[in-house]
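Scroll down for the structure; my scribbles are underneath it.
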Amino acid sequence: QEMLQGLETRLAQPETGYPALVFYQLRELWALGRTLLTQFVAELSSQLEERERRAFVAEYNRKQFAQRQGVEANLREAELQAAAARDAVAQLEQQLQRLQRFWHYFKRRDMSQRLQAATLQSMLRIQELEAARADRDALEGDPAPEFAGLSIEARRAINMAAIAYAQVLYERLARTP
């Protein structure tokens, strides 16, 4: 109440009333300009953030697609090699089954050694297949990275646009009495 009475007293006197009115008008003008700048910066920030977020997601999707293609190609190659190794083992087992006569002793011994080598090769191919499947599962299980926010260039662009907007507001007000 004392502040209001003091303000009323100040406004009632001509030598202090006009400066007080000008002060409050300028303060309102300052608040309006600040509000306009704040809204402009907020809108520009949201637009640039959305644009950069979309670019970030698109780049991530491109990288993810390229990685997925590579992993899928490795998986298909491992599946083919594992199937070929299993077929080779099956053929050698069939040939060994046909060599049952006693005069095939040396052929059976040679065929058994080849079968062991083929079985070992088949196991290695199966391990490679499992590793390729694990790579695929790990790629699918990777979480998408978080968007870090506006880049430095975007922040600079926002700051420059805010300064330019403030300059335009100043130019418009400088021409008024």
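The values are calculated or read from the model by the stated rules, or taken from the named source; none is laboratory data. As the structure is a prediction and not an experimental result, all values here were calculated from the model. Note: ideal-geometry Cβ built from the backbone for every residue, glycine included; neighbour counts use all protein chains shown. These area figures cover heavy atoms from the full protein model, side chains too; ligands, DNA and RNA do not enter into them. Shrake-Rupley method; radii C 1.70, N 1.55, O 1.52, S 1.80 Å.
Check LEU115, LEU80 and return the single one that is in a helix (DSSP H, G or I), out of contact with any strand residue (DSSP E or B) (no Cβ under 6 Å at 6 or more places or on another chain), open to solvent by less than 50 Å² (accessible area, probe 1.4 Å) and not small (Gly, Ala, Ser).
Numbers: LEU80 fails: open to solvent by less than 50 Å² (accessible area, probe 1.4 Å).
Criteria check complete, one pass: LEU115.
Within the bounds of the range 5-24, is there any residue that is closer than 30 Å to ALA132 by Cβ, touching a residue at least 12 places away in the same chain (Cβ under 8 Å) and in a helix (DSSP H, G or I)?
The answer is no, given that none of the residues of the range 5-24 is closer than 30 Å to ALA132 by Cβ, touching a residue at least 12 places away in the same chain (Cβ under 8 Å) and in a helix (DSSP H, G or I).
For LEU120, state whether it is open to solvent by 80 Å² or more (accessible area, probe 1.4 Å), over 30 Å from ARG53 (Cα atoms) and not basic (Lys, Arg).
Answer is yes for this residue.
Against the conditions (1) farther than 30 Å from THR38 by Cα; (2) touching a residue at least 24 places away in the same chain (Cβ under 8 Å); (3) in a helix (DSSP H, G or I), where does ALA144 fall short? Just the number, please.
The failed condition is (3).
Only one of these conditions is not met by ALA90: (1) open to solvent by less than 80 Å² (accessible area, probe 1.4 Å); (2) among the hydrophobic types (A, V, I, L, M, F, W, C); (3) farther than 30 Å from LYS63 by Cα; (4) touching a residue at least 12 places away in the same chain (Cβ under 8 Å). Which number is it?
(4)
Mind telling me which of the residues THR35, THR16 ends up being of a type outside the set (Asp, Glu), more than 23 Å from ALA157 (Cα to Cα) and open to solvent by less than 80 Å² (accessible area, probe 1.4 Å)?
Matching residue, one of THR35, THR16: THR16.
For the subset of the range 58-77 comprising residues that are hydrophobic (A, V, I, L, M, F, W, C) and surrounded by 14 or more Cβ atoms within 10 Å (Cβ to Cβ), which member is nearest to the chain's Cα centre (by Cα)?
My answer is VAL71.
Do you know which of the residues in the range 40-54 that are free of Cβ contacts under 8 Å to residues at least 60 places away in the same chain and either under 17 Å from ARG156 (Cα atoms) or touching a Phe, Trp or Tyr at 6+ places or on another chain (Cβ under 7 Å) (or both) is most open to solvent (accessible area, probe 1.4 Å)?
Once the filter is applied, the top-ranked residue is ARG51.
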